[in-house]
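To keep things clear, I will list the structure first and then write my remarks on it.
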Amino acid sequence: MNETSTTPTEIPSERPRPHWGRIIAWVALFALLVVVAMVLLRKQQGPVAVGQTPPFFTLTTFEGLQIGPTKMAGKVVLVNFWASWCKPCEQEAADLEAAWRYYQPRGDVLFVGIAWTDTESASLAYLKKFDITYPNGPDVGTAISQAYRTTGVPETYIIDKNGKLAYVKLSPFTSIGEIQSAIDPLLSP
């Protein structure tokens with residue numbers, strides 16, 4: 001009887017392969033943690049502070065006009081965050097409009113209203129109800145309010161002619177006199 005001897009077939013040694021799925025999952029998790037940490041750090045910083053250069057933004061108004069850094073340059077700019085559902089916003093609406101009508105003829109003061117987390121129809125009804133004529137637009141995706149690190153509404157930021165934040169109000173104005181006392185010192189004689 002003839003026995004055939006068989007030799008085991010050699011299996012080439014395999015190199016360990018990287019586990020790409022695991023690597024990608026860990027990288028994604030790390031990136032998510034970095035984003036969460038940045039958001040938390042930003043929230044802890046609070047709103048933009050007096051003396052800082054406020055974030056630049058471009059607002060497309062409800063009428064379709066764009067208001068951005070070039071239209072704001074060299075002017076005192078009052079930026080007011082509001083919402084139609086905000087009762088304290090209603091308390092200051094008439095005073096803001098009266099102050100706007102007082103300063104508008106000068107040409108060196110600009111009021112900008114930013115509707116925060118609101119629907120367009122509700123925002124437009126609010127503007128009509130209070131006969132607000134200064135430029136207003138939606139904060140699409142809350143990009144502007146996030147840049148300013150707002151904590152709610154109403155919040156008002158007044159920027160001087162040099163582009164520095166000069167005044168912050170984290171509650172409603174109580175009178176037109178209060179608004180004027182914040183703006184008048186920033187105007188040239």
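Some notes on this structure:
- Region 162-185, subset in contact (Cβ under 8 Å) with a residue 40 or more places away in the chain and assigned to a loop (DSSP other than H, G, I, E, B), residue nearest to Ala99 (Cα to Cα): Ser175
- Pairs where the first residue, in region 96-113, is on the phi > 0 side of the Ramachandran plot and the second is surrounded by 14 or more Cβ atoms within 10 Å (Cβ to Cβ) and not β-branched (Val, Ile, Thr), C-beta under 9 Å, 6+ apart: Gly107/Lys75
- Unique residue being polar (S, T, N, Q) and part of a loop (DSSP other than H, G, I, E, B) when the list is Ser188, Ser123: Ser188
- Residues (of a type outside the set (Val, Ile, Thr) and touching a Phe, Trp or Tyr at 6+ places or on another chain (Cβ under 7 Å)) located in region 139-166: Asp139, Ser145, Ala147, Tyr148, Pro154, Glu155, Tyr157, Leu165
- Evaluating Leu78 against the criteria (1) crowded, with 16+ Cβ neighbours inside 10 Å; (2) over 21 Å from the mean Cα position of the chain (by Cα) leaves one unmet condition, (2).
- Some residue of region 146-169 being among the hydrophobic types (A, V, I, L, M, F, W, C) and at pLDDT below 95: yes
- Residue that is surrounded by the most Cβ atoms within 10 Å (Cβ to Cβ), among those in region 81-99 that are touching a Pro at 6+ places or on another chain (Cβ under 6 Å) and assigned to a helix (DSSP H, G or I): Glu92
- Sole exception among (1) at pLDDT below 75; (2) not in a helix (DSSP H, G or I) for Pro54, by number: (1)
The values are calculated or read from the model by the stated rules, or taken from the named source; none is laboratory data. Keep in mind that this is a model prediction, so the values were computed, not measured. When we count neighbours, we look across all protein chains shown, and the Cβ atoms used for this are built from the backbone with ideal geometry, even at glycine.
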